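Undergrad: Quick one: the structure is below, questions incoming.
The values are calculated or read from the model by the stated rules, or taken from the named source; none is laboratory data. This one's a predicted model, so the numbers in the text were calculated from it and none came from an experiment. We place every Cβ from the backbone using ideal geometry, glycine too, and count neighbours over all the protein chains shown.
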Amino acid sequence: MEALLDNAGPLLQGLLTTLWIAAVSGVGALVLGVLVAAARVSPVPVLRGVAFGYVQLFLNVPLLALLVLFVFALPDVGLLMPLTTTVVVVLVVYEAAYVAEAVRSGVNTVPLGQAEAARALGLTFLQSLRLVVLPQAVRAVVQPLGNVLIALVMNTALAAAVGVVELTSATNKVNLVEAQPIPIFAGAGVLYMLVALTIGLLSGVVERRVAIVR
């Protein structure tokens, strides 16, 4: 316990970095994921095919492999970015595939008659998707999206493997000095758990408030 208190500063700084990465990546993944989901349900075969390929690619490639590829391959082609920025970009494109699948499942909960009624009123496909379908779809999958965000927070730990000093990396650095792995890593685990519980509770509150009564 003393080792945790003595090194609270570095651990909290690592936690703040983790939260920053998760927040920025979460917003980016939500925006990109909704766009990919829209492409998956579009009437244009090419868009559906590209979106399907995108989702299958990132659902079936390990995140760590993508991180290593981006960190070491991008400089070779002349694209230099800070490590943290690279991690955020990778998390956005990776988690967007999971967001897209969650949103697409929400689209399937919207009664077909509502989309047909929107088209009958003269709305284009994009207008009916933006004004009628997607708002209901997102409200129907608040909890699954919360679960995606929790997974995103946990996935930030992999950033330690490419040199970003977030919570896991800061914990490991502290342990190398203190040599007390049980209390130090247990403390980091509690911090991750508190973040996950907070996201889960907030997701539940939002879900109840925006629930659609049919």
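Undergrad: Can you find a residue in the range 129-137 that is farther than 20 Å from Glu101 by Cβ, touching a residue at least 12 places away in the same chain (Cβ under 8 Å) and not acidic (Asp, Glu)?
TA: Yes, that holds for at least one residue.
To keep it simple, each residue is scored yes or no on (1) among the small types (Gly, Ala, Ser); (2) in a loop (DSSP other than H, G, I, E, B); (3) under 26 Å from Gly163 (Cα atoms).
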residue: Val36; (1), (2), (3): no, no, no
residue: Pro43; (1), (2), (3): no, yes, no
residue: Phe70; (1), (2), (3): no, no, yes
residue: Val93; (1), (2), (3): no, no, yes
residue: Arg104; (1), (2), (3): no, no, no
residue: Gly113; (1), (2), (3): yes, no, no
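Undergrad: Can you name the condition, by its number, that Met81 falls short on among (1) surrounded by 13 or more Cβ atoms within 10 Å (Cβ to Cβ); (2) part of a helix (DSSP H, G or I); (3) not acidic (Asp, Glu)?
TA: (2)
Undergrad: Could you look through the range 84-110, keep only residues that are buried (at least 18 other Cβ atoms within 10 Å of the Cβ), more than 15 Å from Asn155 (Cα to Cα) and small (Gly, Ala, Ser), and pick out the one that is modelled with the lowest pLDDT?
TA: Filtering first and then ranking leaves Gly106.
Undergrad: Taking the condition of being aliphatic (A, V, I, L, M), more than 14 Å from Val24 (Cα to Cα) and either in a loop (DSSP other than H, G, I, E, B) or out of contact with any Ser or Thr (no Cβ under 7 Å at 6 or more places or on another chain) (or both), how many residues in the range 149-166 meet it?
TA: The total comes to 8.
Undergrad: Moving on. Looking at the range 29-53 only, could you name the residues that are under 18 Å from Pro135 (Cα atoms) and in contact with a helix residue (DSSP H, G or I) (Cβ under 7 Å, 6 or more places away or on another chain)?
TA: Residues satisfying the conditions are Ala29, Leu30, Leu32, Gly33, Val34, Val36, Ala37, Ala38, Ala39, Arg40, Val41, Ser42.
Undergrad: Across the range 62-73, what is the total count of residues that are without any contact (Cβ under 8 Å) to a residue 24 or more places away in the chain and within 14 Å of Ala97 (Cβ to Cβ)?
TA: 1
Undergrad: Find the residue count for the range 175-201, including only residues that are surrounded by 15 or more Cβ atoms within 10 Å (Cβ to Cβ), of a type in the set (Val, Ile, Thr) and at pLDDT below 85.
TA: 1
Undergrad: If you check Arg130 against the conditions, is it touching a Ser or Thr at 6+ places or on another chain (Cβ under 7 Å), over 20 Å from Ala157 (Cβ atoms) and either part of a helix (DSSP H, G or I) or among the polar types (S, T, N, Q) (or both)?
TA: Criteria not met by Arg130.
Undergrad: Considering only the range 7-38, how many residues are over 19 Å from the mean Cα position of the chain (by Cα) and free of Cβ contacts under 8 Å to residues at least 40 places away in the same chain?
TA: Adding up the residues that qualify gives 3.
Undergrad: Looking only at the range 145-161, which residues are surrounded by fewer than 18 Cβ atoms within 10 Å (Cβ to Cβ) and aliphatic (A, V, I, L, M)?
TA: Residues satisfying the conditions are Ala151, Met154, Ala157, Ala161.
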